[in-house]
1. Suppose each label sits 7 Å from its Cα in the direction of the beta carbon; what would the residue 46-residue 91 distance come out to in nanometres?
2. Under 16 Å from the 7 Å Cα→Cβ point of residue 35, by amide nitrogen: which residues of region 63-104?
3. Residues with amide H under 5 Å of residue 98's amide H, sequence separation 5 or more or different chain, H placed in the peptide plane at 1.01 Å from N; which?
4. Roughly how many nanometres apart are two label points built 7 Å out from the Cα toward the Cβ at residue 55 and residue 98?
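Readers should treat all values here as calculations from the given coordinates under stated rules, not as data from a laboratory. Keep in mind it's a predicted model, so treat the numbers as computed, not measured. Positions of Cβ are backbone-derived with ideal geometry, glycine not excepted, and every protein chain shown enters the neighbour counts.
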Amino acid sequence: MTKNNTQYDTDTDTLNRNKTAPPKKYGVFLLNDDYTTMDFVVKVLTEIFMLPEERAIAVMLLVHHEGKGLCGVYSRDIAETKQQQVMRLARQEEQPLQCVVEEV
Ligand code: TYC
């Protein structure tokens, strides 16, 4: 069977029509403030986002200078869990650090 001059069969057509959209991705971002210690931000990035020390320092400095920085990109569930882990650890250690999740 042909359609628009291209070869196709009904099974393939059905499969294509039922294709699900690719899953949305969510970035977890840290926000800068004047009080959270640099060491604590590096700890968050190494322990929660599993960044190597050198990358963690680079991301921390980027947030410090630019105001906001990406820690990682995940499915919605994982991104929200990471955010909760950051906020829990920050409050435990009495740091005012803020962390947000945004679709990317
Ligand atoms: N601006 C903070 C300071 O000078 C450091 C900092 C970096 C805080 C990144 C938050 O997400 C942050 N102590």
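1. Distance between label points: 2.6 nm.
2. Only 87-99 fall inside the zone, counting backbone N under 16 Å.
3. Amide H to amide H, under 5 Å and 5 or more residues apart or across chains, residue 98 pairs with 31.
4. About 2.6 nm separates the two model spin labels.
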